[in-house]
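Data block below; observations after.
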Amino acid sequence: MNFDFTEEQKLLAASVHGFAQAHLVDGTLARAHNPRFPFEVAQLMSRQGLMGITIPAADGGQGGTLMDAVIVIEQVAAVCPRSSDVLQFGNFGPIRTFAEYASPAQKQKWLPDLLAGRAVMSLGMSEPDAGSAVTDLATSAKPDGAHCVLNGTKLFSTFSPDAKIFLIYVRFGPGLGGIGSVLVERDTPGFHIGPPSAFMSGEEWCELHFDGCRIPAENVLLGPGGFKKQIAGFNVERIGNATRSLAFGRYAFNAAREHVATRKQFGRPLCEFQGLQWKFADMALKLEGAQLLLYRAAVNADRGLPSAYETSVAKAACNLAGFEVAHEAVQAMGATGYSRDTLVEWCMRRTRGWMIAGGSIEMLKNRIAEHVFDRRFDQRGRQAAAAE
Ligand SMILES: Cc1cc2nc3c(=O)[nH]c(=O)nc-3n(C[C@H](O)[C@H](O)[C@H](O)COP(=O)(O)OP(=O)(O)OC[C@H]3O[C@@H](n4cnc5c(N)ncnc54)[C@H](O)[C@@H]3O)c2cc1C
């Protein structure tokens with residue numbers, strides 16, 4: 001067992017660090033406070049070969065590993081946290097499910113623009129009555145000759161104000177086996193995108209309404225029975241969310257460490273007070289522990305798809321560590337940390353969201369408990385499960 005990066009991984013980290021220092025230091029704060037997708041950063045990342053890291057070269061990607069993509073997010077987030085959202089989109093988000101399961105024609109049509117940073121894709125999974133219970137989703141897809149007709153509503157989709165293409169989880173028929181997914185272009189008749197709403201983090205999302213929306217049948221990504229594949233792809237998204245949680249916590253930690261090392265009160269640097277030293281020791285423990293779990297899940301990924309259990313453990317640990325560390329960093333920096341002139345409070349707000357998004361802490365713990373007891377706990381209860 002070896003806990004060091006390989007020589008190649010060290011080189012990758014150093015080169016991405018150099019790139020981020022050269023191109024992303026200026027405008028870090030402004031980028032974070034702009035809720036819209038930073039297309040100019042996406043195009044910069046694309047030119048640098050940082051989009052589609054785990055997508056095969058034959059499809060226009062880089063043919064790298066999930067761990068490479070994790071390293072890249074860490075290095076960029078350490079300099080400009082907001083820019084790492086672009087890497088999430090280009091390497092971990094719905095684009096990965098798309099690249100894994102799309103037909104050659106679908107890939108040819110959409111991947112070049114997505115990988116070049118000219119277009120962004122949004123994931124429509126959550127609905128008014130299907131949040132944690134995602135398999136309760138009701139948005140229907142009915143085949144109709146050469147088309148498929150969609151009806152339903154989606155909520156909370158990241159990047160929806162700017163997305164050109166949407167990967168939508170739909171129901172072709174009853175039960176788990178009836179779930180699949182389709183691709184919908186922004187300007188499709190019958191697809192109505194509501195005005196933007198904002199999360200606590202400032203990120204925006206729009207309600208998506210499908211009202212007899214007709215899409216070509218060739219826009220079906222995964223037909224009935226596709227749910228398990230969609231969730232396997234979604235585990236990659238969780239690794240990206242975990243990586244950003246931890247990286248944003250570390251960004252706040254570094255800013256706070258710098259602050260307490262230099263700011264004096266009572267005639268001494270703040271770091272000389274034991275009450276603060278122990279805060280930083282606790283923060284370091286949380287960051288280091290979660291990092292190992294994250295790396296384990298990424299390194300053990302099979303053909304780029306990490307295991308559900310290792311992903312659950314890593315995401316829960318990184319979400320908790322990222323938020324708790326950013327929260328303590330705000331405290332250690334006093335009013336400076338609470339001010340919007342630093343990114344520390346922003347990191348705290350962003351990391352809070354990942355405790356809910358992409359598998360809440362509670363749902364991840366449900367999954368971990370199933371591993372602990374080596375049995376399935378149906379959240380609907382026995383009767384409902386039998387009826388399904
Ligand atoms: C920042 C952010 C980005 C998001 N991006 C997207 C996106 O791009 N696309 C998309 O489709 N959705 C997105 N979402 C929505 C996200 O997937 C849902 O918020 C999530 O699935 C939880 O659903 P809910 O909010 O309806 O909460 P609910 O399911 O109503 O849950 C409320 C609370 O109850 C807990 N709970 C529910 N069931 C159980 C249980 N069985 N055991 C224990 N606790 C339980 C939950 O953990 C939570 O704390 C995003 C959300 C956030 C915050």
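Considering each residue of region 4-22, count those that are touching a residue at least 24 places away in the same chain (Cβ under 8 Å) and open to solvent by 70 Å² or more (accessible area, probe 1.4 Å), and give that number.
2
If we scan region 185-200, do we find a residue that is within 14 Å of ASN219 (Cα to Cα), at pLDDT 95 or above, β-branched (Val, Ile, Thr) and within 16 Å of the ligand (Cβ to nearest atom)?
Scanning region 185-200 turns up no residue that is within 14 Å of ASN219 (Cα to Cα), at pLDDT 95 or above, β-branched (Val, Ile, Thr) and within 16 Å of the ligand (Cβ to nearest atom).
Exposed (fewer than 15 other Cβ atoms within 10 Å of the Cβ) and without any contact (Cβ under 8 Å) to a residue 40 or more places away in the chain, is that true of PRO112?
no
Keeping to region 1-43, report how many residues are closer than 16 Å to VAL86 by Cβ, in contact with a helix residue (DSSP H, G or I) (Cβ under 6 Å, 6 or more places away or on another chain) and of a type in the set (Gly, Ala, Ser).
3
Among the residues of region 135-154, which ones are of a type in the set (Ser, Thr, Tyr) and either in a loop (DSSP other than H, G, I, E, B) or over 21 Å from ALA102 (Cα atoms) (or both)?
Within region 135-154, THR135, THR139, THR153 meet the criteria.
Just checking, does region 289-299 include any residue being of a type in the set (Val, Ile, Thr), out of contact with any Phe, Trp or Tyr (no Cβ under 7 Å at 6 or more places or on another chain), surrounded by fewer than 20 Cβ atoms within 10 Å (Cβ to Cβ) and not in a strand (DSSP E or B)?
yes
Can you name the residue in region 110-129 that is touching a strand residue (DSSP E or B) at 6+ places or on another chain (Cβ under 9 Å) and not in a loop (DSSP other than H, G, I, E, B) and, of all such residues, is nearest to THR65 (Cα to Cα)?
LEU114
Can you say whether SER157 is part of a loop (DSSP other than H, G, I, E, B) and either free of Cβ contacts under 8 Å to residues at least 40 places away in the same chain or more than 30 Å from GLY49 (Cβ to Cβ) (or both), as far as the supplied structure shows?
No, not satisfied.
Considering only residues that are within 15 Å of LEU137 (Cα to Cα) and touching an Asp or Glu at 6+ places or on another chain (Cβ under 6 Å), which ones fall in region 217-233?
Answer for region 217-233, where residues must be within 15 Å of LEU137 (Cα to Cα) and touching an Asp or Glu at 6+ places or on another chain (Cβ under 6 Å): there is none.
If you go through region 279-286 one residue at a time, do you hit one that is farther than 30 Å from THR54 by Cβ, among the aliphatic types (A, V, I, L, M) and within 16 Å of the ligand (Cβ to nearest atom)?
Within region 279-286, not a single residue is farther than 30 Å from THR54 by Cβ, among the aliphatic types (A, V, I, L, M) and within 16 Å of the ligand (Cβ to nearest atom).
Test SER132 against the criterion of being small (Gly, Ala, Ser) and in a strand (DSSP E or B), and give yes or no.
The answer is no for SER132.
For region 12-29, give me the residue count where each residue is closer than 29 Å to CYS206 by Cβ and outside any loop (DSSP other than H, G, I, E, B).
The total comes to 2.
Within region 127-176, count every residue that is surrounded by 15 or more Cβ atoms within 10 Å (Cβ to Cβ), near the ligand (Cβ under 10 Å from one of its atoms) and of a type in the set (S, T, N, Q).
Adding up the residues that qualify gives 3.
Can you find a residue that is small (Gly, Ala, Ser) and in contact with a Cys (Cβ under 6 Å, 6 or more places away or on another chain) anywhere in region 156-178?
Yes.
So for region 344-367 (the condition being in a helix (DSSP H, G or I), open to solvent by 90 Å² or more (accessible area, probe 1.4 Å), within 19 Å of ASN235 (Cα to Cα) and within 8 Å of the ligand (Cβ to nearest atom)), does at least one residue qualify?
yes
From the list THR65, THR6, THR54, which residue is of a type outside the set (A, V, I, L, M, F, W, C) and over 20 Å from the mean Cα position of the chain (by Cα)?
THR6
The values are calculated or read from the model by the stated rules, or taken from the named source; none is laboratory data. Just so it is clear, the model here is predicted, and its values are computed rather than measured. Here the Cβ is made from the backbone with ideal geometry for all residues, glycine too, and neighbour counts use every protein chain on show. The area values use the complete protein model at the heavy-atom level, side chains included, leaving out ligands, DNA and RNA. Shrake-Rupley method; radii C 1.70, N 1.55, O 1.52, S 1.80 Å.
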